[in-house]
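The values are calculated or read from the model by the stated rules, or taken from the named source; none is laboratory data. Every value quoted in this text rests on a predicted model; they were computed, and no experiment measured them. In this analysis, Cβ positions are derived from the backbone assuming ideal geometry, glycine residues included, and neighbour counts consider all displayed protein chains. Only protein heavy atoms, including side chains, enter the accessible area calculation; ligands, DNA and RNA are left aside. Shrake-Rupley method; radii C 1.70, N 1.55, O 1.52, S 1.80 Å.
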Amino acid sequence: QVQLVESGGGLVQAGGPLRLSCAASGTGFNIYVMGWFRQAPGKEREFVAAMSWSGTTYYADSVKGRFTISRDNAKNTVYLQMNSLKPEDTAVYYCATGKSAQPSDYWGQGTQVTVSS
């Protein structure tokens, strides 16, 4: 079993930065892919970014060049640095982990990110 707890969400002005963190506990996640998804009101959950245990990264086209995913295996934590935020980035952001490039075996509870124009 793996438990994921996100933090770092909040309200930010368009163009600003925000960093999300996801702390993992349990067993096995250090060899899993860890990633981020988001869900805006009235929309389906969508993939944002992911990172394998070896450092390979995956990004949605909508966030390439603005978001950076990283992980600290010693701290069992994955981060999502979000820069140049846009109002359309407003969503609940979820941390997830699993064995695929878009991991979905375990989920966090989500953290709200609101970008004001």
Label-to-label distance, nm, for residues given as residue 46 and residue 74 (7 Å Cα→Cβ offset): 3.7
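With the full set of protein chains in place, find how many percent of the accessible area of the chain is carbon and sulfur; take the probe as 1.4 Å.
Answer for the chain: carbon and sulfur cover 48 percent of the accessible area.
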Label residue 86 and residue 114 with points 7 Å out from Cα along Cα→Cβ: what is the distance between them in nm? 2.1
Computed label-point distance, nm, for sites residue 23 and residue 3 using a 7 Å Cα→Cβ extension: 1.0
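List the trypsin sites (Lys or Arg not before Pro) within segment 70-117 that DSSP assigns to loop and that have no more than 15 neighbouring Cβ atoms inside 10 Å. Write out the running numbers ahead of the final one.
On the way: sites: 71, 75, 99; in loops: 75, 99.
In loop regions of segment 70-117 (DSSP not H, G, I, E or B), the sparsely surrounded trypsin sites (Lys or Arg not before Pro) are 75, 99.
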Computed P(r) (all Cα pairs; segment 60-114; 5 Å bins; percent): 4, 15, 23, 31, 19, 8, 1
Applied in sequence order to segment 102-114, the curve 6.51 cos²θ - 1.76 cosθ + 1.60 (Karplus, θ = phi - 60°) yields integer Hz couplings, x standing for Gly and Pro, of 10, x, 8, 6, 9, 10, x, 8, x, 9, 7, 10, 10
